[in-house]
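A quick write-up on the structure given underneath.
Any read-out appearing in this document is the output of simple, stated calculations on the displayed coordinates, not a laboratory observation. Bear in mind the structure is a predicted one, so any value in this text is a computation, not a measurement. Here the Cβ positions follow ideal geometry from the backbone for every residue, glycine too, while neighbour counts run over all protein chains shown.
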Amino acid sequence: MTRWTILDLGLGNLHSVMRAVERVGAEPVLERTPEAIAKAELLLVPGQGGFAAGSAALEGGVGDALREYLDSGRPYFGICLGMQLLFEASEEAPGAPGLGYFAGTVRRLRGGEGRKVPHMGWNTLESRHELLPPGAWFYFVHSYHCVPKDESLVAATVDYGEPVCAAIAKGGCVATQFHPEKSQRRGEALLRRFLEQA
């Protein structure tokens, strides 16, 4: 059985992520040290909570280990904060640095026209990537969204009063603003396809 390392940033409930990994036929291994990141062959970085707390969790060598992991081209799957932290900074926490692995910032949703912030619930994707079926419904819980400087990173968008980046992909790195582990069969199908390609 494939071991799928899940990075514990100390943020959010990891139970649903671990169960989702089990359901797609992998063995979830919860880790939180730079040494474990360095040894991982397949890495999933989830996270719920504020960008400042996520930034703090990157200290102590974790951020450096993540950059080295990403540079190696090994498969990385980020969820929610695990996507946002790949960028340089966030309007949510001015002065708190992200990994800066990709150029861009994380901005607050505008909402409006009956669209509340945070964006909570199901929404459909406009997909640009083979892993993500167009029109598929996924579950979102967020108040901020990634704005990459390189638009070719955007793998899918969602309409929330404006086109909002819902997923990014480059090489072995895939990350989603929505929560596959809360998106029932569509989410499990996405994780399974990622696992198969990895």
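One residue stands out among those in region 9-43 that are in contact with a helix residue (DSSP H, G or I) (Cβ under 9 Å, 6 or more places away or on another chain) and of a type in the set (D, E, K, R): the one that is farthest from residue 184 (Cα to Cα), which is 35.
All conditions but one from (1) out of contact with any Gly (no Cβ under 9 Å at 6 or more places or on another chain); (2) under 18 Å from residue 179 (Cβ atoms); (3) part of a loop (DSSP other than H, G, I, E, B) apply to residue 28; the one that does not is (3). Restricting 134, 94 to those that are surrounded by fewer than 13 Cβ atoms within 10 Å (Cβ to Cβ) and closer than 22 Å to residue 186 by Cβ reduces the list to 134. Name the single residue, out of those in region 18-27 being touching a Lys or Arg at 6+ places or on another chain (Cβ under 8 Å) and surrounded by fewer than 17 Cβ atoms within 10 Å (Cβ to Cβ), that is nearest to residue 5 (Cα to Cα). Per the criteria, the residue is 27. Number of residues in region 130-184 that are among the polar types (S, T, N, Q) and assigned to a strand (DSSP E or B) equals 2.
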